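S.K.: The structure's right below; bear with me while I get my questions together.
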Amino acid sequence: MDLSPYREPPPAEPEEVPNKPGPGELGSLRSHHGVPLRRTLSWIGIGLGGFTLLMLVTQVWAFGVLIGLHACVSIGWLVDWALMRSRGAVDLHRGGVVVRGWRWRREATFDHVDQLWLDLERPPKVTLIRFDGEKVVVPLEVDSSQQLLDAIQHACSARLLEEAQSALSEGGPLDFSSVQIDSDGYTMANWRVRWRDISDVRFVGQSVDFLRADGTFAGPRIDLRQVPHPWVVIHLVKQLVGRA
């Protein structure tokens, strides 16, 4: 999956959103994101079903072939059911997301999301933690996953960047779980690193490395899977290092 959400701002939403949902509401459906393999299995099932019907109409009673075809269809449906049960499909609404599996459903409205955690390792997923402590895991192995990720980050993280910048300008520290950031530097794992001692910032996979002018590491690496709202962390780091 493209790592661009870490490097560039998510696409801006239009200022006037039609049918904008009220607080705590999902609002109208924007897009549906299903498991890609489901589409393939559906076409396989339709093809096998049509072939079986053709054999019946032409009275070609090859029972062994029929049994094999129906076994393939059954296996396809079982795999389809397993994918739906374990990962789920995602409905993106204007005010939140709904993850639907086989006989289960979880949802989170964006204004009730406290933390966003992103893990792009397989299987890639976004974990939304609501203010009531409930977790909603949004799978990213779905159709149009980049569009889905951009929309979720814009709704849950982008709005926090301005608040974080204001807090830093007032001298307050920001706590991102294992990393604490302030206008002078960052603290992590008993390390204190000042922005002025960092000459370069490098993004390696889902990690951030800080280098001195001589190429040595200035401090510990930040694992973006271990911090909430990684998009906000990345933009703050780039801004603060560039300012130092």
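Every read-out reported here was derived from the displayed coordinates using simple, explicitly stated rules and does not represent laboratory data. Note that the coordinates shown come from a computational prediction; the quantities given were computed from them, not determined experimentally. Because the Cβ atoms are built from the backbone with ideal geometry, glycine has one as well, and the counts that use them run over all protein chains shown.
S.K.: Residue pairs, Cβ under 7 Å, 6 or more apart or interchain, first in segment 99-113 and touching a residue at least 60 places away in the same chain (Cβ under 8 Å), second aliphatic (A, V, I, L, M). List them.
M.R.: What qualifies is Glu107/Leu26; Glu107/Val97; Glu107/Val98; Glu107/Val136; Thr109/Leu26.
S.K.: Look at segment 133-149 and say how many of its residues are surrounded by fewer than 19 Cβ atoms within 10 Å (Cβ to Cβ) and over 11 Å from Ala108 (Cα atoms).
M.R.: 6
S.K.: If you don't mind, there's one more thing I want to ask. Is there a residue in segment 173-196 that is under 11 Å from Arg221 (Cα atoms), in contact with a helix residue (DSSP H, G or I) (Cβ under 6 Å, 6 or more places away or on another chain) and in a strand (DSSP E or B)?
M.R.: No: segment 173-196 contains no residue that is under 11 Å from Arg221 (Cα atoms), in contact with a helix residue (DSSP H, G or I) (Cβ under 6 Å, 6 or more places away or on another chain) and in a strand (DSSP E or B).
S.K.: Specify the residue that is surrounded by the most Cβ atoms within 10 Å (Cβ to Cβ); the eligible residues are those in segment 191-205 that are in contact with a strand residue (DSSP E or B) (Cβ under 7 Å, 6 or more places away or on another chain) and of a type outside the set (Phe, Trp, Tyr).
M.R.: Ile198
Here's the yes/no breakdown for (1) in contact with a Gly (Cβ under 8 Å, 6 or more places away or on another chain); (2) over 28 Å from Arg159 (Cα atoms); (3) polar (S, T, N, Q):
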| residue | (1), (2), (3) |
| --- | --- |
| Asn190 | no, yes, yes |
| Trp195 | yes, no, no |
| Ile198 | yes, no, no |
| Arg202 | no, no, no |
| Arg212 | no, yes, no |
| Thr216 | no, yes, yes |
| Arg221 | no, no, no |
| Leu224 | no, no, no |
| His229 | no, no, no |
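S.K.: Conditions first: (1) in contact with a helix residue (DSSP H, G or I) (Cβ under 8 Å, 6 or more places away or on another chain); (2) closer than 18 Å to Ile234 by Cβ. Pro220 passes all but one, so which condition is the exception?
M.R.: It is condition (1) that Pro220 fails.
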